[in-house]
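Structure, as structure tokens:
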Amino acid sequence: MLAVFLLGVAIWAFGALLGAPVRLRLGLLAGLWLVVVLINLTLPEDASLRLATGGDVRPWLVLALAAGAIWAYRQGLSVLRRRAHPTEPAEPTEPATKAPLFSEAELNRYARHMMLREVGGPGQKRLKQAKVLVIGAGGLGSPALLYLAAAGVGTIGVIDDDTVEGSNLQRQIIHADDRIGMPKVHSAAQQMQAINPFITVNPYHRRLSPEDAEVLFADYDLILDGTDNFDTRYLTNQTAVKLGKPLIAAAITQWEGQISLYDPAQDGPCFACVFPERPAEGLVPSCAEAGVIAPLPGVLGSMMALEAIKALTGAGETLRGALLIYDGLYGETRRISVKRHAGCPVCGNGG
Ligand SMILES: [Zn+2]
């Protein structure tokens, strides 16, 4: 009987030495067990081979029962473990048919968004699938573009006909001294891709024109206006209203800025409802004429990006129907409610 055990141990050890799989070694042991049982069942009681293997079949049956009990116990444990950790499947599940939306590097990059209840995985997915067009790569456009890129907005268009000048760099933080003379949209695209290589940037080096505004806007879900001239502002509003695209527009001068979300498609006012007439020439001085404090476009441009993220993910409450005014010189904010104008020539029946 001892000889049989020694043979079993030898099979196991030799199999391990050769690197035989556990299943094969267990199979060999089961085969050995079967031979021994057959010897004890079939040979006469005084046969030397039967005497050498115990002479009785019962201890071998008890051994098999014990092995069966151990196997059942281990199976039970693994079932319990799987129930406690359902995310760790013990068996490989069927392979995924398509690539996951986010790579490991992206999941790590957006981890601080994922843990926000209002954004989370679904919100980040909406950002990745969103297309946002930013008009102007200047003071407001700089932080807006940088944060939209960093936040993971999947496709960002930027249109501007200017080139980078030394006097821009006091506040237009997306550009750099060694890119003076470069078209602003290319300088901006370069910086955005440097921050986030996982997004697509579409630069348009031209001034927004009535001819191509509609075609351009049609490709995007949301429009951000950070320009400083009224022609472009009214053209942008008109086109956004016509195509039913929400528009986030901000404006700054000296120490003060304002921002709102214009969305007549959701029954909010349009830009022309709130500012029906452009101010008389020279009444509202531009930044070039009146000056602007460096961080002010940073405040309002960042607000544009934040409001864009809210509009795209559905988090919180947007600035639809509200004009937010920030006075940097006195550190004050005011929020004025603004309404849709029935006689508005752009979004109402006045046109
Ligand atoms: Zn209107």
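The values are calculated or read from the model by the stated rules, or taken from the named source; none is laboratory data. This one's a predicted model, so the numbers in the text were calculated from it and none came from an experiment. Using ideal geometry, Cβ is built from the backbone for each residue, glycine included, and neighbour counts are taken over all protein chains shown.
Those helices (runs of 4 or more DSSP H) of region 266-344 in which 3 or more residues are at pLDDT 95 or above, at negative phi and touching a strand residue (DSSP E or B) at 6+ places or on another chain (Cβ under 6 Å) occupy 295-313. Of all residue pairs spaced 6 or more apart or on separate chains, those with beta-carbon atoms under 7 Å, a first member in region 210-239 that is under 25 Å from Ile252 (Cα atoms) and among the hydrophobic types (A, V, I, L, M, F, W, C) and a second member that is assigned to a loop (DSSP other than H, G, I, E, B) and within 16 Å of the ligand (Cβ to nearest atom) are Phe217/Lys245; Leu222/Lys245; Leu222/Pro246; Ile223/Lys245; Phe230/Arg278.
Applying the set (1) within 11 Å of the ligand (Cβ to nearest atom); (2) in contact with a helix residue (DSSP H, G or I) (Cβ under 9 Å, 6 or more places away or on another chain); (3) in contact (Cβ under 8 Å) with a residue 60 or more places away in the chain; (4) of a type outside the set (Asp, Glu) to Pro269 leaves exactly one unmet item: (2).
For region 222-250, which positions are touching a Ser or Thr at 6+ places or on another chain (Cβ under 7 Å) and not in a strand (DSSP E or B)? Lay out the reasoning, then the answer.
Going residue by residue through region 222-250, those that are touching a Ser or Thr at 6+ places or on another chain (Cβ under 7 Å) are 223, 225, 228, 233, 247, 249.
Answer for region 222-250, where residues must be touching a Ser or Thr at 6+ places or on another chain (Cβ under 7 Å) and not in a strand (DSSP E or B): Asp228, Arg233.
For beta carbons closer than 6 Å, sequence separation of 6+ or different chains, a first residue in region 38-49 that is under 17 Å from Ala64 (Cβ atoms) and a second that is hydrophobic (A, V, I, L, M, F, W, C), the qualifying pairs are Ile39/Leu49; Asn40/Val57; Leu41/Val57. Taken as a whole, the structure leaves Gly298 outside the set of residues that are more than 12 Å from the ligand (Cβ to nearest atom) and exposed (fewer than 11 other Cβ atoms within 10 Å of the Cβ). The number of residues in region 251-265 being away from the ligand (no atom under 11 Å from the Cβ) and in a strand (DSSP E or B) comes to 10. Residues that are of a type in the set (Ser, Thr, Tyr) and either touching a Lys or Arg at 6+ places or on another chain (Cβ under 6 Å) or within 16 Å of the ligand (Cβ to nearest atom) (or both) within region 228-250 comprise Tyr234, Thr236, Thr239, listed in sequence order. Note on region 212-221: residues that are assigned to a loop (DSSP other than H, G, I, E, B) and either among the aromatic types (Phe, Trp, Tyr) or within 15 Å of the ligand (Cβ to nearest atom) (or both) total 1.
For region 301-351, name all the residues that are away from the ligand (no atom under 16 Å from the Cβ), touching a Gly at 6+ places or on another chain (Cβ under 6 Å) and either within 25 Å of Gln172 (Cβ to Cβ) or without any contact (Cβ under 8 Å) to a residue 60 or more places away in the chain (or both). Residues satisfying the conditions are Lys310, Tyr326.
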